[in-house]
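All remarks here apply to the structure that follows.
The values are calculated or read from the model by the stated rules, or taken from the named source; none is laboratory data. Because the structure is predicted, anything quoted here is derived from the model rather than measured. Reconstructed Cβ throughout: ideal geometry from the backbone, glycine too, with neighbour counts over all protein chains shown. Quick note on the areas: whole protein, heavy atoms, side chains included, nothing else; ligands and nucleic acids left out. Shrake-Rupley method; radii C 1.70, N 1.55, O 1.52, S 1.80 Å.
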Amino acid sequence: MKFYMMHLMPYADLDLDYDQKYNSAWITLPNSYYDPKKGAKLYNRYLDELEYADQLGFDGVCVNEHHQNAYGLMPQPGVMAGALARRTKKVKIAILGRALPLLNNPVTVAEEFAMVDNITEGRLIAGFVRGIGAEYHAWSSNPALSHERFREAHDLIVRAWTETGPFAFEGDQYHFEYVNLWPRPYQNDPHPPIWIPSQGSSETIEWASHPSRRYTYLQTFTPVAMLAKYMQMYKDMAAGHGYEATEDQLGWSVPVYVAETDEIARREAQPHIENFLNKFLRMPKEMLLPPGYLSLKSMLGVMKAKSSIGTKQTIDTVMEKGMFICGSPQTVREKLEQYQSEIGFGHLLTLLQFGTLPAELTRKNMEIYANEVMPYLRERTAGKVSVAAE
Amino acid sequence: MAHEETIETVTGCRIRIMRKGKGEPLLFLHGATGAPRWLPFMDMLAESYDLIVPEHPGFGASDTPDWLDNVGDLAFFYLDLIDHLGLDEVHLVGTSIGGWIAAELATRSCESIKTLTLVAPAGIHVKGVKKGDMFMWSPEETVANLFHNQEIAKAVPQPANEDELMVVLKNRLMTAKLGWQPRMYNPHLRKWLHRVDVPTLIIWGDDDKLIPGEYGPVYRDLIPNSRLEVIAECGHLPHVEKAQEFASKVVSFIEGAA
């Protein structure tokens, strides 16, 4: 198994009483709540944390894309990847989202990713997402065209990376007379690895698992039961296509907090994970699920279900569901080892800073995780893989 | 007597049509919430006209054809429908997104059109006048914002079962496809509204929170032979909220134009 530090780079200095006046930390929360002096310090702190992950022996660091919100301050994640490209030496740099349907010109992403891949001599992992529903409000992009634009933008980028240019791209959503990428990506066998993060969608899994793609499917922030369901779905779909999915095709992204004991971990993490859940993630259903974002059938299911969106969540509810792994090194080791052996994912992305978690606790979390959890799991899962290979 | 309901196939697309009454044909083009059921204003208009109420392609019980990408496609479709039904001298009435379709249709051809009535039509943009964002409104906010009289708003029936909820979601999806970006308008429409060469009535509620009343005079000034009538204490759906006043305005306009 490979280990990554994921960061959302939240605006941790957010006035948490904002919700007395506004119903979301997204789109409609005035940016007067953002103080550039504090934001500048946060950006540099967060980049330091990801650089520290390189020194601590992580296999990769991950950034992502969200717009017009306090939840994640990386509307242009390529900027962060560029900053990390020269300051890190060993880690892979995963840009987990660009939200392709938002783009009027997907070639910009093909170019930007190829530049990062060149500067890092092949340390880039390319993430493609549709983006959460709120992004379609933020960028006035039509959610009813989301699937169509995603697939076409993907095809365009992959062709730009792999075909000798110039060629014309003749799509319904995108049309270019000349596609001729300078620079070509450094990783050319056949192109940088592509990861598909999702909160769980059978359509996405079907697409990602297709034999012509075999992309790494990354399940983000969902109960462990759902994780197991979707990972199995990927394996079944692969089997249906006549091949066996490898662990390399399956990843999990989850917030983790490790401390000296279970009690200390719970006590230290509680306010910050609850702020993450109830303050930073807060948004109404209309913002999260614009028309077309889900299929009509899935949307009907959401409308019928009593939604947990907007209801207060606690550290206990997310710990019970396995959406947040929290405890002593032993507790965290046991849980992750159990889930890994049961579910069989090959990439573990841990969100070691979340919500308002301050710098010193983030560093402590990173150090204990890197020193007391990661080596153990690395050894265990490495052994398993070599046995399986024999 | 009840209205009749048929399925017609036009331009390869099956659509549901409600129809009632005798007289000159009046084609009513519904707004974003569709035309799932027969409403009181329809009976009022059916007293004087052969009232034809289709559900747009992509809405309700009608098909969603592959060719449907924008409101201009629906404008051409309804020109095809008018030919298909063999209609002539049609009184065209459209509300909200249906008003947008009607306006687009009339810029293309008024050959079979006798009069045009636009009810709080979408389709143009007026800089600096903020429209409501129906895609951000919760179902409760939507109903409250569409009506002036909150007693009427409260009485609006909510989807009673899964099928009705599915229709609501389908209509919302197509509304987004047609009008998310640019938001509920075609930047080129206003350039060609001078081509509308039939008498035109524009109706607006004075308390429209979706497309504000400031849009009314702009539309009026863009269409040569048009006049604007404002209905007091009324929201975005005059045909529902002030059915009697709406119907009598339409009837007296059409009579006056004859």
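Worth a mention:
- Of the helices (runs of 4 or more DSSP H) lying entirely inside region A:70-140, those carrying at least 1 residues that are away from every other protein chain (no Cβ under 14 Å) and out of contact with any Leu (no Cβ under 9 Å at 6 or more places or on another chain) are A:77-87, A:107-119.
- Only residues that are of a type outside the set (Phe, Trp, Tyr) and assigned to a loop (DSSP other than H, G, I, E, B) were counted in region A:2-44, giving 17.
- In region A:203-249, residue most open to solvent (accessible area, probe 1.4 Å) [restricted to those that are within 16 Å of A:Gly346 (Cα to Cα) and part of a loop (DSSP other than H, G, I, E, B)]: A:Glu244
- Residues of region A:352-384 that are open to solvent by less than 10 Å² (accessible area, probe 1.4 Å), in contact with a Leu (Cβ under 9 Å, 6 or more places away or on another chain) and of a type outside the set (Ser, Thr, Tyr): A:Gln353, A:Phe354, A:Gly355, A:Asn365, A:Met366, A:Ala370, A:Val373, A:Met374, A:Leu377.
- Some residue of region B:108-128 being within 14 Å of another protein chain (Cβ to nearest Cβ), open to solvent by 40 Å² or more (accessible area, probe 1.4 Å) and part of a loop (DSSP other than H, G, I, E, B): yes
- Given (1) modelled with pLDDT under 95; (2) in contact with a Cys (Cβ under 6 Å, 6 or more places away or on another chain), number of the condition B:Gly205 does not satisfy: (1)
- The number of residues in region A:145-179 that are under 10 Å from A:Pro101 (Cα atoms) and within 14 Å of chain B (Cβ to nearest Cβ) comes to 6.
- Applying the criterion of being open to solvent by 40 Å² or more (accessible area, probe 1.4 Å) and within 14 Å of chain A (Cβ to nearest Cβ) to the residues of region B:151-166, the residue that is nearest to A:Lys297 (Cα to Cα) is B:Met166.
- Taking region A:250-290 as the range and being among the aliphatic types (A, V, I, L, M), part of a loop (DSSP other than H, G, I, E, B) and farther than 29 Å from A:Tyr33 by Cβ as the test, only A:Ala259 passes.
- Criterion: surrounded by fewer than 23 Cβ atoms within 10 Å (Cβ to Cβ) and either touching a Phe, Trp or Tyr at 6+ places or on another chain (Cβ under 6 Å) or within 30 Å of A:Ile27 (Cβ to Cβ) (or both) - qualifying residue of A:Glu177, A:Glu170, A:Glu152, A:Glu163: A:Glu152
- In region B:136-150, the residues that are over 17 Å from B:Glu233 (Cα atoms) and within 13 Å of chain A (Cβ to nearest Cβ) reach residues that are surrounded by 14 or more Cβ atoms within 10 Å (Cβ to Cβ) and charged (D, E, K, R) with C-beta atoms within less than 8 angstrom, at least six apart or across chains, in these pairs: B:Met136/A:Glu286; B:Trp137/A:Glu286; B:Ser138/A:Lys285; B:Ser138/A:Glu286.
- Residue in region A:14-31 that is touching a residue at least 12 places away in the same chain (Cβ under 8 Å), out of contact with any helix residue (DSSP H, G or I) (no Cβ under 8 Å at 6 or more places or on another chain) and surrounded by 19 or more Cβ atoms within 10 Å (Cβ to Cβ) present: no
- Selection from region B:171-196 of residues that are exposed (fewer than 15 other Cβ atoms within 10 Å of the Cβ) and away from chain A (no Cβ under 14 Å): B:His188, B:Lys191, B:His194, B:Arg195
- Residues that are under 30 Å from A:Leu357 (Cβ atoms), surrounded by fewer than 22 Cβ atoms within 10 Å (Cβ to Cβ) and facing chain B (nearest Cβ under 10 Å), drawn from region A:260-301: A:Pro284, A:Lys285, A:Glu286
- Qualifying residue in region B:128-151 (condition: among the hydroxyl-bearing types (Ser, Thr, Tyr) and within 17 Å of B:Leu29 (Cα to Cα)): no
- Elements of type strands (runs of 3 or more DSSP E) contained in region B:1-107, each with 2 or more residues being open to solvent by 10 Å² or more (accessible area, probe 1.4 Å): B:4-10, B:13-20
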